[in-house]
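What follows is a set of notes on a single structure, which appears directly below.
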Amino acid sequence: MTSMETRTIAVLRRPRSRSRSILSSIWFALGFPFFLLVLWGVWATISPQKFFPSPITIFQAFIKTWIGPAFVDDVLPSLLRLAVGIVLSIVVGIVAGTVIGLVRWLRDLLEPVLEFFRAVPPPVLVPILMLIFGPGDATRVIVIVAGAVWPVLLNTIEGVRSTDSVMTETARSYALTRWERLRFLVLPAASPRIMTGVRQSLSVALILMVISEMFNNSSGLGYRITYFQTNYLIPEMWSGILLLGLVGVLLATIFGIVERRVLAWYHGIKEVERA
Amino acid sequence: MTTASAPVPRLRSRRQTHGLRKLLLGIVGIAGFLLTWELIPLAKIVSPEYLPPASTVLGVLVTEFMDLEFWRNVGRTMTTWGVGLLIATVAATAIGTIVGLVPALRRFTHTTVEFLRPIPSVALIPLAILMFGFQMPAALLIVVYASFWQVFVQVLYGVADVDTVARDTARSFGLTRAERFRNLVLPTALPYIMTGVRLGAAVALILTVTAELLIAVPGIGRIIVFARSAGDVPTVYAYVVVAGLLGLIVNLVFRLVERRVLSWHQSVRGEDPA
Amino acid sequence: MRDTLLEVENLKKVYESSTGDVEAIGDISFTMKRGELVCIVGPSGCGKTTLLKCISGLLTPTAGRVELDGVAVKSPPPNMALVFQEYGRSLYPWLTVRGNVELPLKHKVKSKEERQKLVEDALLAVGLDHAAGSYPWQLSGGMQQRVAIARAVAYQPEVLIMDEPFAAVDAQTRADLEDLVRSLHRERGMSLLFVTHDIDESVYLGERVIVLSKSPTWVQEDLAIDLPDERDQITTRAMPRFTELRTHVYEQIQRAKRGEAVRPGA
């Protein structure tokens, strides 16, 4: 293959120095965003728009608003609720998904109902849940779980039931116990699928965290952003959006790290296949 | 262990029996769910004020079905959904193809995409309200922003997934850029685009209803808001059911379309949604 | 200690399908003594895999009896190990080589040190002691199949069943693996039931070759291979007796394909 070809052809290339490759990574990573920001800044200076303040203004508002008591009062509780909601969703989703996925009649019984619930837009459940469970922190966590559990649950069911038949026969031929099969075969085999579900679950959880706070007069990141908007505090509103974006990026990064660890074997296989 | 002396012809094969069983169990499941829903408020586990029994809600649903205004609202929701999805798909396919085909562009925009993508569309609602007021274009902004990423990411995957052997074959036969695009890139990317549109359609519907909920744009979501402020709880539930049914139908239709269009493709690739 | 290890009597398996029932195995009977290396060959589609699955307890036969060491086989017995053809799908990619070989031992051998010893011993026997920490997908096809064999060997079965294990492996590797199987058989006295479609392989490896008819399958011939115990790829395959035997088996298979052979008795 290609590696063999380069061995037979004399390659006269100086290995790139480390500093050059780091610089090039930075250039690629930050070049375009920086360019966009400059463009925005210039446009904002030339023709100031009411709703699009210059990046510098937004940045200043960001520092003013979020570095301080607001962080502890609003952001931290929101993030805490988000974290609890995500963890609950993942645990419930995987446990329930495994049970349902493995018991065929249960799956057949529940599948239509689950499909329906999955199709209901999660934000629509918010008024209902707030009705049943009242206002308060617990409700907001329930709202997050009510939406974020579905991707994990459904992907776990799908992953658990589609275990490779040869692998299952191998396990049976060596008389592995049920627990051994679950721990060493079914769950690892389903893990790529489950991780896909977790990734989707993260985005849903973030959306629901924001929405659950927009509804009631209380506290939290979503509430703050709405407050700024209703009071025409434009740069502050933008800074809130920016913060939300950062939270989203943070979640995605954490997920990426965890996923690379858990699915190291899976990525390994894909690389070998691609070669 | 049964000892069969000669092969016995079966009235119904195993597979048909299982399919029937699955259908029956599914119906039992739905029935069981409705029954539980009926019993919980009746048994006062949750107050019927907050959780009306299934029969009440279904009654409201039937009444609504016969009301022309209901269908007008469905139409409004579906219009917002359809327009938003269309704009998102066209934009995402166009931009995605260009970015996907030029590796330099891909690397340049990578961080920007990865930063913008996780931003929840609902975070832009305050901005949308400021720009467009409490009107349909505001909802459209939210819908387009969310669906765009779904399709865009899939288009990127699809354009990048061209089989290297096929590409080398095309080049060795001297196909022009345009020919290669039409005969190689497009067919490879098509399954991905279809998956992206399907995912985008689901997201678009969710966000349409959400936007109607939060911005009070005309449509199903707004009825929920009105019903809630009027304290008409059964109607709230009825419209939640409607939203779910719409989601189911949209998903079903797109899966069917996908299977039809891609019947020549041996595998349906891309990320399968929950 | 009984001399007969495996007894298969009047084995029959019928599959139900939407188009009617398919009789995969009609009537198979044979026995296998302790320490024997028996090869099974037959025309394509004659139900060799079905036969192995019935013998190993993965499938319930429609009729007939399978007994391993005097005990009826109803589910995979602990003194039997199976090596599949699809090594790529039989080894678990999330476990290392060592992890894969150790997995079946976890409920059989309680002590961790004993397990480690068995694993290392098995890997050494197949020549993979240096690859214990690698993942299966990092290894070549032949090496992966060795891992599968090591896993079976570490399990310390009384009988090792192999279902066309070298069909998906290139010719040179196949020769090495064949010799590995023979050495395992001779050094460890393992009883081996080896299914293959490769006629030369069956004669080279086996002490007995069982030829199956075409569907509905029965035992067409049970041939004793009187080649010397010490075999190697070059000399044994050049022997005139080898050629005689393989020609005979080949002819039998051809007759089986044409459905010419007459079933004795019923």
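The values are calculated or read from the model by the stated rules, or taken from the named source; none is laboratory data. Not measured: the values here are computed from a predicted model. Methodologically, a virtual Cβ is constructed for each residue, glycine included, from the backbone with ideal geometry; neighbour enumeration extends over all protein chains shown.
Annotations
- Within region A:191-215, tally of residues that are within 14 Å of chain C (Cβ to nearest Cβ) and touching a residue at least 40 places away in the same chain (Cβ under 8 Å): 4
- Residue check, residue A:218 more than 10 Å from chain B (Cβ to nearest Cβ) and either more than 18 Å from the chain's Cα centre (by Cα) or assigned to a helix (DSSP H, G or I) (or both): yes
- Residues that are outside any helix (DSSP H, G or I) and more than 7 Å from chain B (Cβ to nearest Cβ) were ranked within region A:114-135; the one that is farthest from residue B:241 (Cα to Cα) is A:135.
- Qualifying position, being in a strand (DSSP E or B) and of a type in the set (Gly, Ala, Ser), among C:75, C:29: C:29
- For region A:136-190, filtering for residues that are assigned to a helix (DSSP H, G or I) and closer than 20 Å to residue C:87 by Cβ leaves 14.
- Of the set (1) surrounded by 21 or more Cβ atoms within 10 Å (Cβ to Cβ); (2) within 12 Å of chain A (Cβ to nearest Cβ); (3) within 23 Å of residue A:24 (Cβ to Cβ), all apply to residue B:112 but (1).
- One residue from C:208, C:182, C:146 being at pLDDT 90 or above, among the charged types (D, E, K, R) and in contact with a Gly (Cβ under 8 Å, 6 or more places away or on another chain): C:146
- Counting only helices (runs of 4 or more DSSP H) that sit wholly inside region C:82-189, those with at least 3 residues that are within 12 Å of another protein chain (Cβ to nearest Cβ) are C:87-90, C:97-102, C:141-154.
- Scanning region A:147-161 for residues that are surrounded by fewer than 22 Cβ atoms within 10 Å (Cβ to Cβ) and within 22 Å of the chain's Cα centre (by Cα) turns up just one, A:158.
- Inter-residue pairs, beta-carbon under 7 Å, first closer than 15 Å to residue B:221 by Cα and in region B:127-140, second part of a helix (DSSP H, G or I) and not hydrophobic (A, V, I, L, M, F, W, C), 6+ apart: B:136/B:80; B:139/B:80; B:139/B:208; B:139/B:212; B:140/B:80; B:140/B:84
- Some residue of region B:150-161 being part of a helix (DSSP H, G or I) and surrounded by fewer than 19 Cβ atoms within 10 Å (Cβ to Cβ): yes
- Cβ-Cβ under 7 Å pairs, at least 6 apart or on other chains, region C:123-134 side of a type in the set (D, E, K, R) and at pLDDT below 90, far side surrounded by 13 or more Cβ atoms within 10 Å (Cβ to Cβ) and part of a helix (DSSP H, G or I): C:129/C:120; C:129/C:123
- Count - residues of region B:214-224 that are within 14 Å of residue B:81 (Cβ to Cβ) and either facing another protein chain (nearest Cβ under 9 Å) or surrounded by 24 or more Cβ atoms within 10 Å (Cβ to Cβ) (or both): 4
- The condition (being within 20 Å of residue A:244 (Cα to Cα) and either within 14 Å of chain B (Cβ to nearest Cβ) or modelled with pLDDT of 75 or more (or both)) is satisfied by just one residue among A:27, A:66: A:66.
- Residue B:65 meets the conditions (1) touching a Phe, Trp or Tyr at 6+ places or on another chain (Cβ under 6 Å); (2) surrounded by fewer than 19 Cβ atoms within 10 Å (Cβ to Cβ); (3) more than 19 Å from residue A:33 (Cα to Cα) in every case but one. The failed one is (1).
- Single residue of region A:42-59 satisfying the filter (assigned to a helix (DSSP H, G or I) and touching a helix residue (DSSP H, G or I) at 6+ places or on another chain (Cβ under 7 Å)) that is nearest to the other protein chains (Cβ to nearest Cβ): A:58
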